[in-house]
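*Asks:* Before I ask anything, let me first share the structure, which is written out below as structure tokens.
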Amino acid sequence: MRLSSALPCSSFQTALRFGEVALANLETWITAPAKGGDGWGEVKSCLFVRLTTKDGAVGWGEAFVLPYREKAVVEIIHALGRSSGALKTTSPWAFRDLAIQVAAKHWSLDFSAASSALEMALWDICGKLADKPLCDLLGGDHSRAIGVYGNIWSDTQWDVSSLERRATDLVAQGYRAIKIHPLLNHSVNEAANCVTRVRKVIGDDIALMVDLDSQDDSGTALQVAEAIRPARPYWLEEPVDGSDVQALAKIRRASGLRVVTGEKHCNLVHFRAVLAAGAADILNPDIAGIGGVLGLLEVSELADQQGVQISPHCWNSMTVAAAAMLHVCASIPNAEMAEIYPEYIAHGESFATSGFRLDGTHAFLLHKPGLGVEIDVPALRSLSNHYHSTCLTSAEADL
């Protein structure tokens, strides 16, 4: 399978006549934090974008956001949306060029998240206009089974017994791969004990990912790596901050474990540096933070040239961004397991009909146009604590 040809402008762009597609309105919602569906942890605030064309076509996007920054990302989204009124074409490629120009080589994750959401919504419109699933537009196959893993994350429950119970629950739900964060609030010895105990309760046939959450000290990361080796971790994620490329490379060589990094980064220069240093076996950029579909495709292509896999990060709602992530995974040859937050699923179902189904081991895209996600807007509004709308026709007139 070859990498998607969507990075250059595809032939379908001409067929859809994007110059005739005019954007009319841009809306954003920030959801309030909520308890996870099973009470394990809190669902963070999520930021959704809806673009509507003059002809009534609707595209949905989602931005990666962190606490205290959500409204700042909203401001960037609406500023970029107003700027898009000057575009001669509303294609994802034209918008990406605009975002690159506006960024002026001063990339930040918040800016990239804002552009990701808008680009994602444009791709959703693309698919709906073509009446095809997004992955089919990208050269993929919507019927492809996409490997997934369940991330065990909680802001409150970190004792080993709780992690054992949660891991057992996910295995019972059908997950064949799970991820834990053993160094949060734990010493090196406690972390090693945690990994050993979780491995024992889930058995040898379940893939066990270990995320060290970007340690400040590479020595600590190496100590944990050595101690957990008998538990056969599937990978070692973010043993140190991904910005410290040389430390990552050192840990990868010394530990002999597969190293994963990339979730906090949005600059292609960084990913090129990671690949050049041989610092990772797997990259995990987030589609809602890397620049959207084209951003993730570009990182995937760079990685594929070096024999490196892509396992996208997705600390998002498990609705819009998760669907976009899975469409890209179904379109690239070097896709590893995609990240799923199980406790976010029930929350997403309260306002969205997903464009995919899960069986624990795999995700399967539904044969729906675009991202395939349907949003109950009144339900979304009821869960949100911030809403903003911009009329893009008047924004165009002002430019």
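The values are calculated or read from the model by the stated rules, or taken from the named source; none is laboratory data. Nothing here was measured: the structure is a model prediction, and the numbers come from that model. Cβ atoms come from the backbone with ideal geometry, glycine included; neighbour counts cover every protein chain shown. These accessible areas exclude ligands, DNA and RNA; they are computed on the full protein's heavy atoms, side chains included. Shrake-Rupley method; radii C 1.70, N 1.55, O 1.52, S 1.80 Å.
*Asks:* Please enumerate the residues belonging to the range 214-254 that are among the polar types (S, T, N, Q), closer than 14 Å to VAL188 by Cβ and either open to solvent by 60 Å² or more (accessible area, probe 1.4 Å) or over 24 Å from the mean Cα position of the chain (by Cα) (or both).
*Replies:* SER218, THR220, GLN223
*Asks:* If we only count helices (runs of 4 or more DSSP H) wholly inside the range 291-399, which ones have 3 or more residues that are crowded, with 23+ Cβ neighbours inside 10 Å and either touching a helix residue (DSSP H, G or I) at 6+ places or on another chain (Cβ under 7 Å) or of a type in the set (Phe, Trp, Tyr) (or both)?
*Replies:* Helices (runs of 4 or more DSSP H) meeting the threshold: 292-305, 320-329.
*Asks:* Separate question: Give the residue, chosen from ASP204, ASP211, that is out of contact with any helix residue (DSSP H, G or I) (no Cβ under 8 Å at 6 or more places or on another chain) and surrounded by 15 or more Cβ atoms within 10 Å (Cβ to Cβ).
*Replies:* So the residue among ASP204, ASP211 that is out of contact with any helix residue (DSSP H, G or I) (no Cβ under 8 Å at 6 or more places or on another chain) and surrounded by 15 or more Cβ atoms within 10 Å (Cβ to Cβ) is ASP211.
*Asks:* Return yes when ASP97 is out of contact with any Gly (no Cβ under 8 Å at 6 or more places or on another chain) and either under 24 Å from ASN334 (Cβ atoms) or touching a residue at least 12 places away in the same chain (Cβ under 8 Å) (or both) and no when it is not. Steps first, answer last, please.
*Replies:* Numbers: out of contact with any Gly (no Cβ under 8 Å at 6 or more places or on another chain): yes; either under 24 Å from ASN334 (Cβ atoms) or touching a residue at least 12 places away in the same chain (Cβ under 8 Å) (or both): no.
Against the criterion (out of contact with any Gly (no Cβ under 8 Å at 6 or more places or on another chain) and either under 24 Å from ASN334 (Cβ atoms) or touching a residue at least 12 places away in the same chain (Cβ under 8 Å) (or both)), ASP97 does not qualify.
*Asks:* So which helices (runs of 4 or more DSSP H) are wholly in the range 105-178 and hold at least 2 residues that are surrounded by fewer than 19 Cβ atoms within 10 Å (Cβ to Cβ) and of a type in the set (D, E, K, R)?
*Replies:* Filter on the range 105-178 gives 160-172.
*Asks:* Same structure, new question: For the range 67-82, which positions are farther than 14 Å from ARG50 by Cα and hydrophobic (A, V, I, L, M, F, W, C)?
*Replies:* Across the range 67-82, the qualifying residues are ALA72, VAL73, ILE76, ALA79.
*Asks:* Would you be able to say whether some residue in the range 37-58 is within 19 Å of the chain's Cα centre (by Cα), at pLDDT below 95 and open to solvent by 50 Å² or more (accessible area, probe 1.4 Å)?
*Replies:* Yes, that holds for at least one residue.
*Asks:* Can you spot a residue in the range 9-30 that is open to solvent by less than 80 Å² (accessible area, probe 1.4 Å), modelled with pLDDT of 90 or more and among the β-branched types (Val, Ile, Thr)?
*Replies:* Yes.
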